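These notes are about the structure you will find just below.
Read-outs throughout are calculated quantities, based only on the coordinates presented, and are distinct from any laboratory measurement. Every value quoted in this text rests on a predicted model; they were computed, and no experiment measured them. So basically every Cβ, Gly included, is an ideal-geometry build from the backbone, and we count neighbours across all protein chains shown.
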Amino acid sequence: MIGGLFIYNHKGEVLISRVYRDDIGRNAVDAFRVNVIHARQQVRSPVTNIARTSFLHVKRSNIWLAAATKQNVNATMVFEFLYKMCDVMAAYFGKISEENVKNNFVLIYELLDEILDFGYPQNSETGALKTFITQQGIKSQHHTKEEQSQITSQVTGQIGWRREGIKYRRNELFLDVLESVNLLMSPQGQVLSAHVSGRVVMKSYLSGMPECKFGMNDKIVIDKQGKGGGSEDVAKSGKQSIAIDDCTFHQCVRLSKFDTERSISFIPPDGDYELMRYRTTKDIILPFRVIPLVREVGRTRLEVKVVIKSNFKSSLLAQKIEVRIPTPLTTSGVQLICMKGKAKYKASENAIVWKVKRMAGMKESQISAEIELLPTNDKKKWARPPISMNFEVPFAPSGLKVRYLKVFEPKLNYSDHDVIKWVRYIGRSGIYETRC
Amino acid sequence: MTDSKYFTTNKKGEIFELKAELNNEKKEKRKEAVKKVIAAMTVGKDVSSLFPDVVNCMQTDNLELKKLVYLYLMNYAKSQPDMAIMAVNSFVKDCEDPNPLIRALAVRTMGCIRVDKITEYLCEPLRKCLKDEDPYVRKTAAVCVAKLHDINAQMVEDQGFLDSLRDLIADSNPMVVANAVAALSEISESHPNSNLLDLNPQNINKLLTALNECTEWGQIFILDCLSNYNPKDEREAQSICERVTPRLSHANSAVVLSAVKVLMKFLELLPKDSDYYNTLLKKLSPPLVTLLSGEPEVQYVALRNINLIVQKRPEILKQEIKVFFVKYNDPIYVKLEKLDIMIRLASQANIAQVLAELKEYATEVDVDFVRKAVRAIGRCAIKVEQSAERCVSTLLDLIQTKVNYVVQEAIVVIRDIFRKYPNKYESIIATLCENLDSLDEPDARAAMIWIVGEYAERIDNADELLESFLEGFHDESTQVQLTLLTAIVKLFLKKPSETQELVQQVLSLATQDSDNPDLRDRGYIYWRLLSTDPVTAKEVVLSEKPLISEETDLIEPTLLDELICHIGSLASVYHKPPSAFVEGSHGVHRKHLPVQHSRSFEWAASLLLVSGPAAAMDQPHVIPSQGDLLGDLLNLDLGPPVNVPQISSMQMGAVDLLGGGLDSLVSLNTHILLLMKAKGLEISGTFSRRQGHMYMDMTFTNKALQHMTDFAVQFNKNSFGMIPTSPLPVHTPLMPSQTIEVSLPINTIGPVMKMDPLNNLQVAVKNNIDVFYFSVLIPLNIFFVEDGKMERQVFLATWKDIPNENELQYQIKECHLNADTVSGKLQGNNIFTIAKRNVEGQDMLYQSLKLTNGIWILAELRIQPGNPNYTLSLKCRAPEVSQYVYQTYDSVLKT
């Protein structure tokens, strides 16, 4: 198991050092600094073995988090734990920066004591932790006996992510379907790979211990219902259903129920959480098509023309459109003409960045650039990195639709109809690249 | 107010000041001071001298301060053991606190204070906490047992904490269960044979129930523990799999990978043709792909594991090659791993896409990655024959880029392509030769030299090219020197007239001016070959070379199986067994994939000549039993033993040496069976019983070209609890075509599992090459013990006592012996005749025998004069053995 956990700043100075096991000595802290943080080479692996001690590390902005161990630990678990550790810290004090870590070091030690025991991760749900690890440490003593046992039963209980007795005057639910659409396209317009990775993010403000059920146009569910019903509804919805390649759920979702009935039922945590993640690869709506044309004119000039076409309903608007066209390192000057938006050559980034604020569906726009190059003797060819694109669209490129989100709370007197629900779809570009 | 100011105090006399502050009257001041101490400790300053002052602050009702003091204690108690005792009282008191959070905090911290004296005081509070009413305290106490075990294992055992821990597996709280499982798993790693966890179907059921309810981390502990369980049959394996598969949808990738581990292990137990097996395979692929959309570090771990899974079960991901295409901004470690998997998944169906990708990669920036991409193109050519031409042309394009390291890497792989497809692509040699000057790495130079030498007859200026390398001969690496020597000798053999001088030159360089013994030796060998017999030299040097294999750098199968048992862990990241990087007792215990009891030997059946009882009895290689030496002499018509001289002569020798006659050596009708023949290893052998001891006599023959070492043998659980009592006595390496005989002593004190057929024994033999599995049917008579003669009275009583439905009758056909000979023969096999009667002209023999496990078998053998068919009636409390006893009778009487 995890033998020690260290947090360093960008210089390699130790901010937090907590040793859980006897086999990790003080010198382990230095070994990681010398061999990884101060190493000349770029990091070649997130797992490093130094003198029979394994270090698993992640980086958050300038901060390094490293777990050290001498055993054959479950490496995936250690990384998941480090991510979780970052989440917990962020939930307590915001951004993980050197200043924030230093400002909260007592709290961090307290957290590390609680969520990692002898190197074994323990309950690390912020909701539960915040009930008894607070920044005002004094509060802890004033819990009544009932409160204490409520805390412990929540920390160890089956529903560790929610406490009892939550009350809201207005029961409200916000549901965001956030998708990132990824594309790799050949210069000829052939889709080399495309997939959508989506998340269903919720914000719930519900009283009591509500039982929720979430439904979407999952092909498997719709087909199953289709067999039972067999009305025109099937033809209509069957067409709109989507094939989900795989999905994962927040730990509040009853996995065995999903496995047998494919229904998503859960008691939600209070506040923000990510209910599910999913991935689709079939019938993806690619919101934009990028058509590049690169011509090398002699050894010192390059002509680039890029056309973008929007491919969705003309009533919808895409926002924050940005096209990034890489330029060779030897670029000396760039001349740009674009029909829409603003374009700039950014020498420090070796790219032309073309920004368009808004663009409706079924439109097209183009940019042309003339790039002057310095003559060089360098035999090495320019690698021609792909043209990448960013955008945001108000629909789900996978075609996912929320069918229902039902809330039942048998003990309190509010019903599904009383809950105010908000649903929003946002599609963003993930890695959206076209080779040129 | 923030805490960062504690990091900034840096004056001299700091310790002194802190000391004063720690003893301040005001609570707040003291707390501030302790914070400063902790900050100083964090950045590595030695603040151990403040120990007594900090401990003084421990008596407080401020939880935050208490935690800080505890933190300090954990760090320094070891260096100040005597003072640490001062803290004990406070701990013991806290363990009685009404607040469960404080009780847990105390027990958690006490376990972290690694001072022997303190641990003694810990026992009582810990015992209470293990039975605490609050689950939070119990789950903390469970981990504390593991802590204590790490400090003083003996004490934990003596105090009975292991039993308390085992009790917690049945706890009502899932998190307590999970922590107990984690603690027990860790403790049992240091006692690999102790069966501490006691995984039986009831406990497994408890774990599976807790799995649905506990935290994500708890699920990981439980799944990792489950993966060590060996289900008793395929039904159990399937039912566990069914309950584990929902975990594949968990958001935590460690839960997913641990579930994958359980499923990959238990797949071994499921019949390949079943629907469930195929459904399960299909279910495994999507979650593995999903892991690749996680954070880069998890992607890396996942890819290292997928690399193993793809080698073990390529069918799972063969359709998914696209997800392994490299993204421009993947971290380099992810890129390199993806590339590896792409090559493994490349096939005729997807080769066009793969090649297009690889060509892209070869123009990237990272040198390692580009090289690997080029190498990958070469490997595709070798793996998928149809693509070879396209690969070669891609490589030529890359050579045209003139990027130095790309060219060199390309030339190295082109050499391999030449080896795989001789006489196909030689037209490109001219292009390769153009780049001769730019090659500065030994690998590339050697590859180019090899190509020139191999195709010297087609290259007009081969002699000039090779001569150019000769100039700096002594500055070259050994690899290049050796290749150059061989290449020039080849050239000479192909064009002797023009190159005599050149070959003289290289031979003298290699033999006279070099310090490298390998080079000198090779030089002298060529020299002598060329000077004595040029024709032979040609045959040797220009002989046809074996083709290179398709799959390279596959992980060796036994290691692969072991690594599959470690999916998700560091071992799977390093691709090394835990023993390679873990010190001490942890993880030294090797894990194995489970073996399917009833069917797993199907694949091995082809290796086996023995496939059923009949076959065993009908083996042609039968030698007369020792007990029947006299009979043998009389029956000269019995053919001499074929092909089995060693064992029989050995046993004869034993008779001679002992000289004591037949009583002292009860040996048996021995079937020499060819047990196993694979990968050049041939094992034949038999079982025998000598002087009350059992042996497995085997003959090992090495028919491979390499020597074999590291032999070991293991038996699967079997009906009679047979286990080897000593390691396989093969101590020296077995050289090619060498044969050795070994006699492996066996006894019957091992674990018992009923096999079908009853006398089936599954054996695994391991050597440096592989693990070999075979099964053999044991002749039952080796279990017949020497004191198997029953008293007459007892016999009569027992015969009556055993119910009649247990009586089974058999016919022994075509036997022409008289009653006395029969008795003699059987007695040699520890089947004792108690009485003989003559009833109406028939001889009735009443006999008894006893098995090693104490089962008595009573027999009545009826022999009618003139009738070659005897009737055998067997009575036994365990009638299932009767059939095998009958078989023994049959074979004993017919030899």
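Worth pointing out:
- Simple rule: put +1 on each Lys or Arg Cβ and -1 on each Asp or Glu Cβ in the protein assembly as shown, find the dipole, and look at B:Asn228, B:Ser190, B:Ser726; the Cα lying farthest toward the positive end is B:Asn228.
- Two-decimal log10 I(q)/I(0) for the range A:310-374, as the Debye equation yields it once each C-alpha is a single scatterer, q = 0.17, 0.26 Å⁻¹: -0.61, -1.06
- Mean residue ellipticity (222 nm) of chain A, computed from DSSP H runs ≥ 4 via -39,500 (n - 2.57), nearest 500: -6000 deg cm²/dmol
- Sequence-separation-based contact order of the range B:370-470, relative, with Cα cut under 8 Å and 6+ spacing, percent: 23
- For the range B:118-193, the fraction of alpha-carbon pairs in successive 5 Å shells from zero, as %: 3, 18, 32, 25, 15, 6, 1
- Count Lys and Arg as plus one, Asp and Glu as minus one, and take only other residues whose Cβ is under 14 Å from that of A:Val177; the net charge is then +4.
- Relative contact order (%) - chain B, alpha-carbon pairs under 8 angstrom, separation at least six: 6
- Here the translational diffusion coefficient of the range B:789-886 follows from Stokes-Einstein with Rh set to the Kirkwood radius across Cα pairs; for 10 °C and 1.306 mPa s it amounts to 116 µm²/s.
- Cβ-defined net charge surrounding A:Met362, 12 Å radius [Lys, Arg +1; Asp, Glu -1]: +3
- The fraction of Cα-Cα pairs per 10 angstrom bin, counted from 0 for the range B:497-596, comes to 12, 24, 14, 13, 19, 15, 2 percent, rounded to whole percents.
- For the segment A:144-153, counting C-beta atoms of other chains within 10 Å of every residue's C-beta and taking the mean gives 4.
- Length-normalised contact order for chain A - Cα pairs under 8 Å, 6+ apart - percent: 15
- Alpha-carbon centroid distance for the pair the range A:298-364 / the range B:288-312, whole angstrom: 35
- Pairwise centroid distance, computed over Cα atoms, of the range A:406-426 with the range A:1-64, Å: 47
- Rg/Rh for the range B:1-155, where both radii come from Cα atoms and Rh is the Kirkwood radius: 1.00
- Which of A:Thr260, A:Asn311, A:Val297, positive extreme of dipole for the range A:257-321 (C-beta unit charges): A:Val297
- Whole-Å distance, taken between Cα centres, linking the range B:451-519 and the range B:208-222: 67
- Where GluC sites (Glu not before Pro) fall in DSSP loop in the range B:478-555, at most 12 other Cβ within 10 Å: B:Glu544, B:Glu550, B:Glu551
- Sparsely packed GluC sites (Glu not before Pro) within the range B:394-489, loop by DSSP, other Cβ within 10 Å at most 10: B:Glu471
- Mean silhouette area of chain B, derived from the convex hull of its C-alpha atoms and averaged over all directions, reads 54.3 nm².
- Lys, Arg +1 and Asp, Glu -1 on Cβ, resulting dipole of the range B:91-213 about Cα centre, debye, nearest 20: 200
- Radius of gyration over Kirkwood radius for the range B:457-524, both on Cα atoms: the Rg/Rh ratio is 0.95.
- Each Lys and Arg adds +1 at its Cβ and each Asp and Glu adds -1 at its Cβ; summed about the Cα centre, the protein assembly as shown shows a dipole of about 5260 debye.
- Computed over the alpha-carbon pairs of chain A, the distance histogram in 10 Å steps reads 4, 16, 20, 23, 21, 12, 3, 0, 0 percent, short to long.
- Here the protein assembly as shown is treated as a Stokes sphere of Kirkwood radius computed over C-alpha pairs; at 4 °C and 1.567 mPa s its diffusion coefficient rounds to 35 µm²/s.
- Other residues whose C-beta falls under 13 angstrom from the C-beta of A:His38 contribute a net charge of +1, scoring Lys and Arg +1 and Asp and Glu -1.
- Value at 222 nm in deg cm²/dmol, rounded to 500, when DSSP H runs of n ≥ 4 in chain B each add -39,500 (n - 2.57): -15500 deg cm²/dmol
- Summarised in one figure, the compactness ratio Rg/Rh of the range B:827-869, Cα atoms and Kirkwood Rh, is 1.07.
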